[in-house]
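Just below is one structure, and these are the notes that go with it.
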Amino acid sequence: MTTHEDCVARSWEFSPSDNEIKAIDVYSGHSNTVRYIDFSPSESRFVTTCEDQSARVWDFKTNKGVYLLAGHTDFCVAADFLDEKTLLTASWDQTIKFWKLPS
């Protein structure tokens, strides 16, 4: 997985037969540079943080965003899953937010 200034996160696959790395999924929904990615303990979901002051939780099965976490007032720069339904985000607004995801 990578993040980029183009507002997306990407997952990649290496093909040994042609010695190439190819983007296999693009996760779009943010409106500014995506800063950080963290994976849930089961690796069924991941969270991205962004300079648009939000974090998004994504589902690997559907490749869709499932939750938008808004509430910071400056760049959201880090996140950490504590378990499958709980995570923390950190921002340049000097706050850490605790999020409990719905079931």
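Straightening the chain between D80 and E20 buys 18.5 nm, computed as 0.36 nm per residue apart minus the Cα-Cα spacing. Listed values for the range 74-81 are Karplus-derived 3J(HN,Hα) couplings in whole Hz (6.51 cos²θ - 1.76 cosθ + 1.60, θ = phi - 60°), namely 8, 3, 8, 10, 7, 8, 8, 6, and x replaces Gly and Pro. Once amide H atoms are placed 1.01 Å from N in the peptide plane, what residues at a sequence separation of 5 or more from F60, or on another chain, have their amide H within under 5 Å of its amide H? Counting only residues 5 or more places away or on other chains, the set is R45, F46. Per residue, the range 60-103 exposes 63 Å² of accessible surface when a 1.4 Å probe is rolled over the protein heavy atoms with every protein chain present. Close amide H contacts of S54 (hydrogens built in the peptide plane, cut-off under 5 Å, sequence separation of 5 or more or a different chain): C76.
For the range 25-39, 3J(HN,Hα) computed residue by residue from phi via the Karplus equation (6.51, -1.76, 1.60; θ = phi - 60°) reads 9, 10, 10, 10, x, 7, 10, 7, 4, 7, 9, 7, 9, 9, 9 Hz, glycine and proline entered as x.
For the chain, carbon and sulfur atoms together expose 50% of the accessible surface, with a 1.4 angstrom probe and every protein chain in place. Packing around the peptides 17-27, 92-102, taken as the average count of other Cβ atoms within 10 Å per residue, puts them in this order, highest first: 92-102, 17-27.
If only the Cβ of Lys and Arg carry +1 and only the Cβ of Asp and Glu carry -1, the dipole of the chain around its Cα centre is close to 380 debye.
Mean projected area of the Cα convex hull of the chain, taken over all directions, amounts to 6.7 nm². Near the amide H of D25, within less than 5 Å, lie the amide hydrogens of S11, all on another chain or at least 5 residues away, with H placed in the peptide plane.
Each residue of the range 58-69 was assigned a 3J(HN,Hα) from its phi angle through the Karplus expression (A = 6.51, B = -1.76, C = 1.60, θ = phi - 60°), giving 10, 9, 5, 5, 9, 6, 10, x, 10, 9, 9, 10 Hz with x at Gly and Pro.
The values are calculated or read from the model by the stated rules, or taken from the named source; none is laboratory data. Note that the coordinates shown come from a computational prediction; the quantities given were computed from them, not determined experimentally. Counting neighbours? That spans all protein chains shown, and the Cβs are built from the backbone with ideal geometry, glycine included. SASA here: full protein model, heavy atoms, side chains in, ligands and nucleic acids out. Shrake-Rupley method; radii C 1.70, N 1.55, O 1.52, S 1.80 Å.
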